[in-house]
Every structure is written in C-alpha cells, then in structure tokens.
Amino acid sequence: MQETIKILGIESSCDDTSAAIIQDGKILANLVANQKIHSTFGGVVPELASRAHQQNIIPVVHQALAKANINIEEVDAIAYTQGPGLLGSLLVGSSFAKGLSLGLNKPLIEVNHMQAHILAHFIKDNASIPEFPFLCLTVSGGHTQIVLVKDYLKMEIIGQTIDDAAGEAFDKAAKMLGLPYPGGPLIDKHAKDGEPNRFQFKSGNVGKLNFSFSGLKTNILYFLRKEKEKNETFIEENLADLCASIQKCIVDDLLKKLSHAAKEHNIKHLAIAGGVSANSELRNRLMALKEEGYFPHIPKFEYCTDNAAMISIVGYYKYLNQEFGNIETVPNPRLKF
Ligand code: KG4
Ligand code: ZN
C-alpha cells in the first residue's frame, strides 16, 4: 500500500473557480476564486462564468500548490468536476484537468459535484464524521435532495425538489427584497435581527419527501406587491422580519422532510451539505435534533459552498478504489449518481 496519497482537486461547475490539495483525507490547501461580476446581473451569467474560470484556473492551481508546499510532480492524481453544472464552466475545468493529466502522465478522476458536497463530511478537520448509513440533505443553488448514503460512493436520492432548489428560493426571495446576488447569505444575516413568526409564507405540498419552492416565490411576490401598494417603504421598514419569516418557511420545510425520511428509514445520523448548509438557522436547528436522539453533522463552513476540497476528497476515495477516468469522458451538465 502506497504511503501517502496526494490528490489535486479542481472545481469549476458554476461561478467559483477552486483548487485544493488533499493528502490522505487531510486538506493541505483549498483556494477559491469567487466571481464578483455576477452580482451586477442578479444571477450567474454562464458565458461570463466560463471566461472568468479561464482567467482564474491557472493562478488558483498555482496558489494551491504553493500553499500546500508541494510540486505538481508530487500529485498522484487529478480529480475534477464532471457535472452537474454549467456546460461552459465544466468544460474549462475538465479541459484543464485533462491537459495536466496528459502532460504529467498522472491519472484522472471524474467527480460528481453533488456526491462531493456529501463527502465533504469526511474531510478530516470537520467537527464530526457521520456513520453509514446516514441521510444527507443536500441543499444548493441548483439542487435540493435527501440522499440515503450507504457508503462513500454508494448513495441513493430518496427525495428531491420538483421545481426550484432551496438556494434558488433564497436567492429569488432576496432579489424581490432588493438584495444583491447571491442573496441567501444576506437573508441569513438580516434574519438574525428579525421575528420569524411575523409573516406567514408557504412552500409547496408535494408529498412527504419531495420539495416545491416555486409557489413560495409567487406567494412572496404577491404579498410584497400588496403591502407596497399600502406603504411604499414596506420592505425597508420590515426587512429583518421578512428575511426571518422567509428563512423560517424554507428551513421548516427542509427539516420536516428530513425528519420524515429519518423516521421512515430508521436512521439516526443526519447531515446537511451544499451552499444552503451554511445557513445559520438550518445549522442550529439541525444541531438541536441531538435532543431527540439524533446524531447531527454539519460541515465546516468553508466546505458548504462550492470548493475543491470536496472534489479532492471524492478523488481520494476513488483513488483508493482505483476508479480512474479517461480523456474521452465529456462533462455532463445533468450528471446523475
Ligand atoms: O453549493 P453552492 O455553493 O453552489 C451550487 O452548487 O449551487 O450553493 C450556492 C447557494 C446559493 O443559492 C446561495 O444563496 C446559498 O447557497 N447560500 C445560502 C447561504 N450561503 C449560501 N443560503 C442561505 N443561507 C446562507 N447562509
Ligand atoms: Zn454546489
């Protein structure tokens, strides 16, 4: 058995360019270049994202190697995001990874971005590590899934959104409140000073394990329109209460479905992952489930939103299984697992 395994991870599925080095499950470097340009447009502009990835990818990989204090020749394999994500963005990371693999004669490892969010829990500096089988509520800008995780690379989706993702619901609500993109973290921030029971909003009713957030968007839109007719400065005057009430509605729904899944599958270890798992209300309320006999797990803050550390940990487990990819594999914006 090889003594130490070092993997270079590359993430470029949406609007963050990231590179990480992992050594035997321990992160040596995890660099993320955020693309500020999209906030001007109120959402990610795919063409601008791929151009920014092209500019960022070489400096980010260089900085990751420098931070980890290793030479590129010391890397055992190159793991990259194959999908899901934006095609143009995925193409930049995958082409770069393939070029490196050919040039250095190192194996390539293809990584599913959604699996990576979940396996971020196994990076060694997290506060706790889930035991198999566990349930993971993966909540990001593009996905909302309840996943039954049987092993590192064996997982099954048992519930998901039928329309908007939870992160998308946060971002669209924020936009209606006049907050810039991405609005999720800003709703979280303003909600801290607000009263969550002041306004009643409703998410869709689509069964015990699935989610629907597109009706919530319309619900908020009509409510704000009506209130603004009476008082033009309604949003400004009630921003904190609005944020707290919207956040409560989304988090209530997420946790209700997760609890249902936990009872149905008789599973005690519960995890959250993806960008929305950075939400303080969701984190606090998941941790409070300890009192009900559950073992809750929240990832370290920097492993919630998109990052390459999570890509490199999947790379590490695939390397141990000798699951290598090849140069012919194309990125897949709708990749499933
Ligand atoms: O996983 P991620 O970084 O990218 C995707 O794969 O989509 O998730 C981004 C999403 C955005 O919708 C963003 O608003 C949301 O995560 N997000 C949050 C928070 N931090 C990020 N939503 C609510 N509260 C937060 N603190
Ligand atoms: Zn993500």
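Dividing the convex hull volume of the alpha-carbon atoms in the chain by its residue count gives 129 Å³ per residue. Overall, the range 1-157 carries a charge dipole of about 220 debye about its Cα centre when +1 sits on the Cβ of Lys and Arg and -1 on the Cβ of Asp and Glu, all other atoms neutral.
For the chain, DSSP calls about 60 percent of its internal beta bridges antiparallel. The alpha carbons of the range 1-95 stretch over 49, 23, 19 Å along the principal axes, in descending order.
Taken as Cα centroids, the range 92-141 and the range 273-304 sit 20 Å apart, rounded to the nearest whole angstrom. Could you tell me the calculated FRET efficiency between E237 and N34, based on Cβ-Cβ distance and R0 = 22 angstrom, to the nearest 0.05? Using R0 = 22 Å, I get an efficiency of 0.10. For the range 108-195, the normalised intensity computed at q = 0.19, 0.24 Å⁻¹ comes to -0.95, -1.12 (log10 of I(q)/I(0), Debye sum over alpha carbons, equal scatterers, no solvent).
Per-residue ellipticity at 222 nm for the chain, helices alone: DSSP H runs ≥ 4 residues times -39500 (n - 2.57), over residue total, nearest 500 deg cm²/dmol? Dividing the helical sum by the residues of the chain leaves -13000 deg cm²/dmol.
The range 160-226 and the range 1-39 have Cα centres separated by 30 Å. Listed cross-link partners K36/K290; K230/K257; K67/K268; K192/K228; K150/K300 are compared with a 28 Å cut-off, the Cα-Cα value being larger for K36/K290; K230/K257; K67/K268. Between the residues Y181, S94, L148, the greatest Cα displacement towards the positive end of the dipole of the range 72-211, with unit charges on the Cβ of Lys, Arg, Asp and Glu, is found for Y181. Given their separation in residues at 0.36 nm each and the Cα-Cα distance between them, I157 and F41 gain 38.5 nm when the chain is fully extended.
If you average 1/r over every pair of different alpha-carbon atoms in the range 136-287 and take one over that average, what Kirkwood value in Å do you get?
Across the range 136-287, the inverse of the average 1/r is 15.7 Å.
Apply 1/(1 + (r/R0)^6) to the Cβ-Cβ distance of R198 and S259, taking R0 = 22 Å, and write down the FRET efficiency to the nearest 0.05. Efficiency computed from Cβ-Cβ geometry: 0.35.
Using the Karplus relation 6.51 cos²θ - 1.76 cosθ + 1.60 with θ = phi - 60°, the per-residue 3J(HN,Hα) values for the range 75-83 come to 6, 8, 7, 10, 9, 9, 6, 8, x Hz, with x marking Gly and Pro.
Site pair Q2 and S128 shows an inter-label distance of 3.3 nm when each label is modelled 7 Å from Cα along Cα→Cβ.
Among the helices of the chain (complete DSSP H runs), which have Cα atoms covering no less than 15 Å along the helix axis and a Kyte-Doolittle mean of at least -1.0? Membrane-span-like by this criterion, though nothing is claimed about a membrane: 46-68, 87-104, 166-176, 214-230, 234-265, 309-320. All other residues whose Cβ lies under 14 angstrom from that of G315 are scored, Lys and Arg at +1 and Asp and Glu at -1, for a net of -1.
For the range 201-337, dividing the convex hull volume of the Cα atoms by the residue count gives 175 Å³ per residue.
Taking label points 7 Å from Cα along the Cα-to-Cβ direction, K189 and E227 give a separation of 2.0 nm.
In this Cβ point-charge picture (+1 for Lys and Arg, -1 for Asp and Glu), the chain has a dipole of about 440 debye about its Cα centre.
All of the numbers you see were taken from the coordinates with simple rules; none came from a lab. Computed from a predicted model, the values in this text were never measured in an experiment. A quick note on method: Cβ atoms are made from the backbone with ideal geometry, for glycine too, and the neighbour counts reach across all protein chains shown.
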